[in-house]
Amino acid sequence: MKKLINDPENVVKEELQGIELAHPDLVKVFYDPDYIVRADAPVQGKVGLVSGGGSGHEPMHGGFVGKGMLDAACPGAVFTSPTPDQMLEATKAVDGGAGVLHIVKNYTGDVMNFEMAADLAREEGIEVESVLVDDDVAVEDSTWTAGRRGVGLTVLMEKIVGAAAEEGRSLKECADLARKVNAQGRSMGMALTSCVVPHVGKPSFDLPEDEMEIGIGIHGEPGRHRIKIEPADKITEMLIKPVVEDLPFKEGDEVLLFVNSMGGTPLIELYIVYRKAVELLEAKGIKVVRNLIGPFITSLEMAGASITLLKMDEDLKKLWDAPVKTAGMRWGI
Amino acid sequence: MAITKDDVLSWIRDYAQVIEENFEMLTDLDREIGDADHGANMRRGFKAVLEKLPSVEDKDIGAILKSVGMTLLSKVGGAAGPLYSTFFMKAGTTIGAKSEMAIDDWAKALEASTAGIAALGKAQPNDKTMLDALYPAVDALNTAIGNGSSNGEALQKSADAAHEGMLATIPLVARKGRASYLGERSAGHQDPGATSSYLLIKSAAETWADS
């Protein structure tokens, strides 16, 4: 399998070195343990926002560090949760006296490592709150699983809560807002191809040319169903329907529609999906008032897309529109 | 007969070697129902353990095992990091400052480690996890000790039970960890965590066969 890498063991370290060289105005990068913090951290009196997770989802999370979004990100190995020592150092580095919020995607490893880090940080006198993201409707029976995965909604939460922290809201207000976003957002994804983890060197699952996976996560894990490939409009329907029905989103709701590339799917195809998604939502009387289209939470080179819907209100719209200056998302500045 | 500090060090070194030899197998098992990182994570962790070992090899068994646990916590990541870290930390705490241990000490340590993993992972038997190899290993070890088996026999029975437990994960539907996202599709695959756990118990049985 062809990849633009050197030694697979050094993929994350060399990526971090690139980020450090590319964005000295936005971030500082630390190694062993690895973490990225915004250039002006810690910001005194502001709640610090820390997230993290396995690498391979770029631009999430490192690309979202900067003014108006995250204060720190902890990159693990590809598709592997980072470790508590990284999270602890990142938490200490961004604590400006107003406490630190951990945004944790709901995966067994991430939850365990962040829990340990939060305990260690509290022992050092830092006020820490944690919020879980678990927006993936593809995971059906949550009492018999590790629970729903955190996927596309993570990006929207980091932007919205980042704006709230920048505005000076308290740790409790930021945590409550994050929980509200989690309660009002849902996602579903699909894959046209698998992806290749660098140190594995072969596809994470084998997918014939004429088939697709519905209900995938962001780690190259197979989805819940494998079916014959369909046209984009049909696939969009398969993603929108379970997302809308799950919350449920209702007539009169205002939403943010996020059409995300899993890494390999180009914008031309995302816009085709977006067009159909808007049509389907309008037919149900759901109004798309904001959008995000592009590769923001990826699964290496996987071809495929995910759709996230977030129910909006005036506060969320204002926070979404607030200035943000990161490597992966930038407006209003 | 007893299991000495040097036996414990040999076990850890042997297991690091076993992980290296089984890297591809663990990766492939995890590729099928997880995210293909179990082999690489365990390899990275035990490579770091081997580098750290010389600095603690003069210490007692408890301190050595706790050091292994701390190293795994900062090097492995994922769920396996905290879980295997807990295994070694709990074992170290249970055994304490001894330079040799009886088979009973090991049985108590294995039981405490398994309980620690169950508590952290909030998992039950038959959830298709590490515990499906570890619980049977604990039970078989206690039974063999109760029956007056030799240390070598008791350890071998423990490893055999772990092996059976590992194989018994194949038809199970995963209810914890990343494989649980697959629902019914996780059935028909052997659990990678149960596999690395079996290898750990097997390595102890082989390394300590003559203890």
| query | What number of residues within segment A:299-318 satisfy the criterion of being crowded, with 23+ Cβ neighbours inside 10 Å and closer than 23 Å to residue A:52 by Cβ? | reply | 6
| request: Answer yes if at least one residue in segment A:158-174 is touching a residue at least 60 places away in the same chain (Cβ under 8 Å), within 14 Å of another protein chain (Cβ to nearest Cβ) and of a type in the set (Gly, Ala, Ser), and no otherwise. | output: no
| message | For residue A:52, only one of the following conditions fails: (1) in the same structural domain as residue A:150 (by TED's automatic domain parsing); (2) over 15 Å from residue A:162 (Cβ atoms). What is its number? | response | (2)
| note | Checking A:9, A:58 in turn, the sole residue that is away from chain B (no Cβ under 14 Å), surrounded by fewer than 24 Cβ atoms within 10 Å (Cβ to Cβ) and either touching a residue at least 12 places away in the same chain (Cβ under 8 Å) or touching a helix residue (DSSP H, G or I) at 6+ places or on another chain (Cβ under 9 Å) (or both) turns out to be A:58
| request: Quick one: in segment B:122-147, of everything that is assigned to a helix (DSSP H, G or I) and β-branched (Val, Ile, Thr), which residue is surrounded by the fewest Cβ atoms within 10 Å (Cβ to Cβ)? | output: B:143
| How many residues are part of a helix (DSSP H, G or I), closer than 24 Å to residue B:76 by Cβ and at pLDDT 95 or above if we restrict to segment B:159-211? | 21
| query | Do we have any residue at all in segment A:199-213 that's in a loop (DSSP other than H, G, I, E, B), under 24 Å from residue B:24 (Cβ atoms) and of a type in the set (Lys, Arg)? | reply | yes
| field | When residues of segment A:114-131 are limited to those that are of a type outside the set (A, V, I, L, M), assigned to a helix (DSSP H, G or I) and at pLDDT below 95, the one nearest to the chain's Cα centre (by Cα) | value | A:115
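Sort through A:322, A:277 and tell me the only one that's farther than 16 Å from residue A:156 by Cα and either touching a residue at least 40 places away in the same chain (Cβ under 8 Å) or small (Gly, Ala, Ser) (or both). Full working, then the answer.
Details: A:322 fails: farther than 16 Å from residue A:156 by Cα.
The unique qualifying residue is A:277.
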| request: Six or more apart or on different chains, Cβ under 6 Å: which pairs go from a residue in segment B:87-109 that's in contact (Cβ under 8 Å) with a residue 12 or more places away in the chain and at negative phi to one that's of a type in the set (S, T, N, Q) and surrounded by fewer than 23 Cβ atoms within 10 Å (Cβ to Cβ)? Could you list them? | output: B:100/B:4; B:103/B:151; B:107/B:142; B:108/B:94; B:109/B:94
| query | Checking residue A:148 against (1) within 11 Å of chain B (Cβ to nearest Cβ); (2) among the basic types (Lys, Arg); (3) touching a Gly at 6+ places or on another chain (Cβ under 9 Å), which test does it fail? | reply | (3)
| Leading residue by the ranking (nearest to the other protein chains (Cβ to nearest Cβ)) among those in segment A:84-115 that are in contact with a strand residue (DSSP E or B) (Cβ under 9 Å, 6 or more places away or on another chain) and among the β-branched types (Val, Ile, Thr) | A:111
| note | With criteria (1) of a type outside the set (Ser, Thr, Tyr); (2) touching a residue at least 40 places away in the same chain (Cβ under 8 Å); (3) buried (at least 23 other Cβ atoms within 10 Å of the Cβ); (4) closer than 23 Å to residue A:205 by Cα, residue B:175 comes up short on (3)
| query | Out of all the residues in segment B:68-76, is one or more surrounded by fewer than 24 Cβ atoms within 10 Å (Cβ to Cβ), part of a helix (DSSP H, G or I), within 14 Å of chain A (Cβ to nearest Cβ) and of a type in the set (S, T, N, Q)? | reply | yes
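Only one residue in A:177, A:171, A:156 is more than 21 Å from residue A:256 (Cα to Cα) and modelled with pLDDT of 95 or more, so which one is that? First the steps, then the outcome.
On the way: A:177 fails: more than 21 Å from residue A:256 (Cα to Cα); A:156 fails: more than 21 Å from residue A:256 (Cα to Cα).
A:171 is the lone residue from the list that is more than 21 Å from residue A:256 (Cα to Cα) and modelled with pLDDT of 95 or more.
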| said: So, in segment A:61-78, exactly how many residues are within 14 Å of chain B (Cβ to nearest Cβ) and at pLDDT 95 or above? | reply: 3
| Within segment A:12-29, can you find the residues that are crowded, with 17+ Cβ neighbours inside 10 Å and more than 23 Å from residue A:165 (Cα to Cα)? | A:12, A:15, A:16, A:19
| note | For segment A:28-43, pairs from a residue that is closer than 16 Å to residue A:95 by Cα and in the same structural domain as residue A:94 (by TED's automatic domain parsing) to a residue that is of a type in the set (Ser, Thr, Tyr) and surrounded by 17 or more Cβ atoms within 10 Å (Cβ to Cβ), with Cβ under 9 Å and 6 or more apart or across chains, are A:38/A:326
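The values are calculated or read from the model by the stated rules, or taken from the named source; none is laboratory data. Predicted model only: the values in this text are computed from it and were never measured. A quick note on method: Cβ atoms are made from the backbone with ideal geometry, for glycine too, and the neighbour counts reach across all protein chains shown.
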